[in-house]
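The structure appears below as structure tokens.
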Amino acid sequence: MDARTQEFLEHVQAGGQVESTDWLPEEYRQKLIKFIEMHANSELMGVLPEREWILKAPTLQRKLALTAKVQDEVGHAQLIYRVAEDLGKPRDEMFADLLSGKAKFHNVFHYPTKTWGDVGVIAWLVDAAAIISQKALLKCSYAPYARIMKKICWEESFHILHGRDVILTLMTGTDEQRELVQEALTRWWGPLMQFHGNPISREEDPMFVWRIKSQGNEEARQQFLEGYVPQIWELGLTVPDPNLRRTDDGVWEYSEPDWAELKSVVTGHGPRSQDRLDLRRRFLDQEKWVRDTVLAA
Amino acid sequence: MPIFEVFRQEKKGQAFAHAGSVEAPDAAFAEAWAREQYGRRGESEALWLVPRESVHAITDWADEFDLKYRRVDGYSIKERLREARERADKAKAGA
Amino acid sequence: MSGVGSTEPQEGHAGSAGVSLKDSARAQLLLELADDELILGWRDSEWTGIAPTLEEDVAFSSIAQNEIGHARALYELAAVELGGDADALAFDRAPAEYRCAPLVELHLLEWAHTIARRWLYEEADQVRIEALKTGDDAELAGLAAKIDREEVYHRIHAQMWAERLRDEPRFRAAVDELWPYALGILPPELRPELERRTGLRADSAQAVERGTHTEELEPLWDEMTEVRRSVAGATW
């Protein structure tokens, strides 16, 4: 590592931040763009599993809340893509890489949503897992990214409340409604456990080394379990993992997540990966004329 | 498409802080879009939109000759005040 | 009252607030307004996540949410007379009982048509809102004024887009196609004002009148009420 890069590394590891106009080591820039791009892609693709439920929302309040939630996710995508664009990668290129599979998006957005129970479980648990990751970006060494995370985390707090409300309404409703939650939880547990990634140590995780994120994968997963398993159990719900337990030292033990599934899904082989990319592609193509002619300055 | 920087005032009386940017073909679109992106929850008292090319950044400074008088820490008030007080006390005692 | 599939009031319909010929003209008007806003808001909400740009996506979604909000306020006012609550009126009537105009029912998931509808609808809506604001019904005038303060931004948005699309052939074609439906939003006495505002001629088109429904409404209603109907009488 050359001296300038070493100095940069020491600066960020001491808590220092950099701006878009500062010199960035090439390795840092590339890893940063890739990370930010995946985050933006995830917000964009995360819209698709949820938006069909906007149309089916069973009350006006739920319809409004869910539309606002999905709107926030589009807004987050906008904020995050802008940061990546200012690092030098054009939006069109990022969309092209997303559609070709060259760039990835998080595992949870490759799965189907089947019932209103999914709407609740996603807003309650999937968003919770995502917020833990997002909070670990609030002190990102790259300041423009850290700054937008503040707005993102603030908006996510509304989603958590919405999710909790949907779940509690179902859990205090009919047996059928409670079953919707349990069934959805059973299906989502595997992807949730895979969400924070395989447990490489912080020191081996470039995202932590460069202080792009302030937390390792396993730390995030433990935080999720610590915060949410008690909430799940207190509602009388069953987590489909007989090995899940909290040791006396406060560490959660669990069955080994299916890392092969994670890899397969994230490389585009999830149950809904291609459908959703096709939908994205269809609308990008259909409205290309709007961007190319109407909105051209 | 041009970029518009968005500055946001959270509460009346506060300074406008940079909040992000939107990509828009002109000021009208930038307004319509920034209004929702930065105000849909009533979280902003006001917004300023500025085309990116109108923002002039200054990030480098020259301070070669250490002109201490320009900074608060360039004055050593405490020590000389103590000395002046001692002199005044002595003068009073001797009078 | 005429409607596809039914000329009889739907009384005793499980969970519904039935609308009958006995209900006042006021209640019927409120339902027209509310149903227009609900169904158009439902159609517009479909763009969330797939609009032409991310920035536009966020702005457009706010418009859809505002429309649902307007519908809710109008249903709440109607519920005072008709019974039930806003959700019951919004979801628990049979398709034939809705009083929305055909314009809002059309499935137009294409941008030129979407903007054409937004623009035409906002022009028509402004005409009737002005009439309500200056009408004798103080309560309704107050609600109309409140709605209008949000509609200002919808109009700015629609006009901004219509201006940009003015010379685009597919937009012009969409406006021509939807103009007869736009006329159907308003009662005949308010149509001259709409002509004046849009520059389009009423005599060039046969208005698609309110009172019948397109075949698009029923699939829309099926999807809109699917979860709600899945567990009858449940709280969601």
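Read the figures in this text as sums done on the coordinates, not as results from a lab. On a predicted model such as this, the values are computed, not experimentally measured, just so you know. Glycine also receives a Cβ, built like all others from the backbone with ideal geometry; neighbour counts cover every protein chain displayed.
Say whether the condition of being under 22 Å from the mean Cα position of the chain (by Cα) and under 18 Å from A:Arg187 (Cβ atoms) is met by at least one residue in the range A:277-296.
Checked the range A:277-296: no residue is under 22 Å from the mean Cα position of the chain (by Cα) and under 18 Å from A:Arg187 (Cβ atoms).
State all residues of the range A:24-66 that are in a loop (DSSP other than H, G, I, E, B) and not small (Gly, Ala, Ser); if no residue qualifies, say none.
As a first pass, look at the range A:24-66 and keep what is in a loop (DSSP other than H, G, I, E, B): A:24-25, A:57-59.
Matches in the range A:24-66: A:Leu24, A:Pro25, A:Pro58, A:Thr59.
Among the helices (runs of 4 or more DSSP H) confined wholly to the range C:78-151, which include 1 or more residues that are out of contact with any Lys or Arg (no Cβ under 9 Å at 6 or more places or on another chain) and within 30 Å of A:Val290 (Cα to Cα)? So that I can check it myself, show each step before the final result.
Numbers: elements: C:86-91, C:102-105, C:111-133.
Answer list for the range C:78-151: C:111-133.
Residue-wise test of (1) within 14 Å of chain A (Cβ to nearest Cβ); (2) free of Cβ contacts under 8 Å to residues at least 40 places away in the same chain.
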{"site": "C:Ala88", "(1), (2)": "yes, no"}
{"site": "C:His107", "(1), (2)": "yes, no"}
{"site": "C:His113", "(1), (2)": "yes, no"}
{"site": "C:Ala116", "(1), (2)": "yes, no"}
{"site": "C:Ile129", "(1), (2)": "no, yes"}
{"site": "C:Leu132", "(1), (2)": "no, yes"}
{"site": "C:Leu140", "(1), (2)": "no, no"}
{"site": "C:Ala145", "(1), (2)": "no, yes"}
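Which residue out of B:Trp48, B:Trp33, B:Trp61 is within 12 Å of chain C (Cβ to nearest Cβ) and either in contact with a strand residue (DSSP E or B) (Cβ under 8 Å, 6 or more places away or on another chain) or over 30 Å from C:Glu150 (Cα atoms) (or both)?
Just one listed residue meets the conditions, B:Trp33.
For the range A:178-207, which residues satisfy the criterion of being within 14 Å of another protein chain (Cβ to nearest Cβ) and surrounded by 22 or more Cβ atoms within 10 Å (Cβ to Cβ)? Outline the logic, then answer.
Within the range A:178-207, the first condition is being within 14 Å of another protein chain (Cβ to nearest Cβ), and the residues that meet it are A:178-181, A:183-184.
Once the filter is applied, which keeps residues that are within 14 Å of another protein chain (Cβ to nearest Cβ) and surrounded by 22 or more Cβ atoms within 10 Å (Cβ to Cβ), the range A:178-207 yields A:Leu180, A:Val181, A:Ala184.
Can you name every residue in the range C:203-224 that is at the interface with chain A (Cβ under 8 Å from one of its Cβ atoms) and either within 16 Å of the chain's Cα centre (by Cα) or in contact (Cβ under 8 Å) with a residue 12 or more places away in the chain (or both)?
Residue satisfying the conditions is C:Met224 alone.
Got at least one residue in the range A:103-122 being under 29 Å from A:Arg211 (Cα atoms) and without any contact (Cβ under 8 Å) to a residue 60 or more places away in the chain? Walk me through it before giving the result.
So the first thing to find is which residues in the range A:103-122 are under 29 Å from A:Arg211 (Cα atoms), and the list is A:103-110, A:122.
Those still in the list that are without any contact (Cβ under 8 Å) to a residue 60 or more places away in the chain too: none.
Within the range A:103-122, not a single residue is under 29 Å from A:Arg211 (Cα atoms) and without any contact (Cβ under 8 Å) to a residue 60 or more places away in the chain.
Which one is surrounded by the most Cβ atoms within 10 Å (Cβ to Cβ), of the residues in the range A:247-297 that are more than 13 Å from chain C (Cβ to nearest Cβ) and among the basic types (Lys, Arg)?
So, considering only residues that are more than 13 Å from chain C (Cβ to nearest Cβ) and among the basic types (Lys, Arg), the one surrounded by the most Cβ atoms within 10 Å (Cβ to Cβ) is A:Arg272.
With the requirement that a residue be in contact (Cβ under 8 Å) with a residue 24 or more places away in the chain and assigned to a loop (DSSP other than H, G, I, E, B), what does the range A:9-23 give you?
A:Gly15, A:Gly16, A:Gln17, A:Glu19, A:Ser20
Which ones in the range C:35-51 are in contact with a helix residue (DSSP H, G or I) (Cβ under 7 Å, 6 or more places away or on another chain), surrounded by 22 or more Cβ atoms within 10 Å (Cβ to Cβ) and of a type outside the set (A, V, I, L, M, F, W, C)?
Within the range C:35-51, C:Asp36, C:Glu37, C:Gly41, C:Arg43, C:Asp44, C:Ser45, C:Thr48, C:Gly49 qualify.
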